[in-house]
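Visitor: My questions all concern the structure below.
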C-alpha cells in the first residue's frame with residue numbers, strides 16, 4: 001500500500017533505551033479512480049493555488065476546492081472511490097519512505113563528496129580545491145565518473161525504516177531513524193512488510 005505523507009520532524013522515544021524517530025503526517029486523500037492493477041488516481045490538498053485544469057478535475061470527481069493536487073498511487077487498499085483506507089498502516093513492520101533531499105545548489109568537492117582538502121596553513125595554495133583531475137599523455141582526457149564540484153541534493157532518496165506506531169485519529173506515523181528532506185516536505189510511504 002502507498003500513501004502521501006508530510007514530514008513533521010524528528011523526536012525520540014521516552015524509554016530506558018531512547019530511540020530516534022521521525023514523525024510523518026499521513027495526508028487526507030480522496031481516491032478518484034481505481035485501476036485493475038490496484039493503482040489509483042488520488043486527490044490531496046497542497047496550498048491554495050488552483051487553475052482551470054484543476055477546477056475541471058474537481059468538478060469531474062465532485063471534490064471540494066481543498067483538494068487541488070492529483071497523483072497516482074501504485075497500490076491502494078480501497079475497493080471503491082472515496083477516502084483512502086489507511087488501516088493497513090497499523091499492521092506494518094517495515095516501511096519504504098521516499099522524499100526529495102534538501103537542495104544545496106552548486107557545491108564543492110568537500111561538501112559534495114567529503115574530500116579532505118589541503119592544509120589550512122598560509123602559503124599552501126591548496127585549501128578546498130580538487131587538485132589534479134587527469135592523467136598524463138594517455139588517456140589525455142578526464143575519465144568518466146570523476147568526482148567533481150556540481151549540483152548537490154534536490155533528488156529523490158528512498159530509505160527503509162522500521163515501523164514504530166501509527167495514530168489513526170491524528171494521522172501521525174512514527175518510524176525509526178531519520179528521513180531525507182526538509183520539515184513540511186511531501187513524500188511517499190510504501191509498506192514493504
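Visitor: Looking only at the range 61-70, decide whether some residue is in a helix (DSSP H, G or I), without any contact (Cβ under 8 Å) to a residue 40 or more places away in the chain, farther than 23 Å from residue 181 by Cα and touching a strand residue (DSSP E or B) at 6+ places or on another chain (Cβ under 8 Å). Even if it seems obvious, please write down each step before you answer.
Guide: Keep residues of the range 61-70 that are in a helix (DSSP H, G or I), which gives 61.
After this cut, where a residue has to be without any contact (Cβ under 8 Å) to a residue 40 or more places away in the chain as well, the list is 61.
The next check asks that each one be farther than 23 Å from residue 181 by Cα; those that pass are 61.
Okay, now just the ones that are also touching a strand residue (DSSP E or B) at 6+ places or on another chain (Cβ under 8 Å), so 61.
Yes, the range 61-70 contains at least one residue that is in a helix (DSSP H, G or I), without any contact (Cβ under 8 Å) to a residue 40 or more places away in the chain, farther than 23 Å from residue 181 by Cα and touching a strand residue (DSSP E or B) at 6+ places or on another chain (Cβ under 8 Å).
Visitor: Checking the conditions here, which among 130, 124 is part of a loop (DSSP other than H, G, I, E, B), buried (at least 16 other Cβ atoms within 10 Å of the Cβ) and outside the structural domain of residue 165 (by TED's automatic domain parsing)?
Guide: On the way: 124 fails: buried (at least 16 other Cβ atoms within 10 Å of the Cβ).
Result of the check over 130, 124: 130.
Visitor: Sticking with this one: Looking only at residues in the range 165-179 that are part of a loop (DSSP other than H, G, I, E, B) and modelled with pLDDT of 95 or more, which one is farthest from the chain's Cα centre (by Cα)? Spell out the reasoning first.
Guide: Residues of the range 165-179 part of a loop (DSSP other than H, G, I, E, B): 168-171, 177-179.
Filter once more, keeping what is modelled with pLDDT of 95 or more: 177-179.
Details: 177: 14, 178: 11, 179: 7 Å.
Ranking the qualifying residues of the range 165-179, first place goes to 177.
Visitor: Quick one: residue 155 ticks every box in (1) more than 16 Å from the chain's Cα centre (by Cα); (2) loosely packed, with under 12 Cβ neighbours inside 10 Å bar one, so which box is it?
Guide: (1)
Visitor: With the structure loaded, tell me whether residue 162 is exposed (fewer than 15 other Cβ atoms within 10 Å of the Cβ), closer than 26 Å to residue 85 by Cβ and over 19 Å from the mean Cα position of the chain (by Cα) or whether it fails that test.
Guide: On the way: exposed (fewer than 15 other Cβ atoms within 10 Å of the Cβ): yes; closer than 26 Å to residue 85 by Cβ: yes; over 19 Å from the mean Cα position of the chain (by Cα): no.
Judged against the criteria, residue 162 is not a match.
The values are calculated or read from the model by the stated rules, or taken from the named source; none is laboratory data. Please read all numbers here as calculations on a predicted model, not as lab measurements. Positions of Cβ are generated from backbone atoms using ideal geometry, with glycine treated the same way; all protein chains shown enter the neighbour counts.
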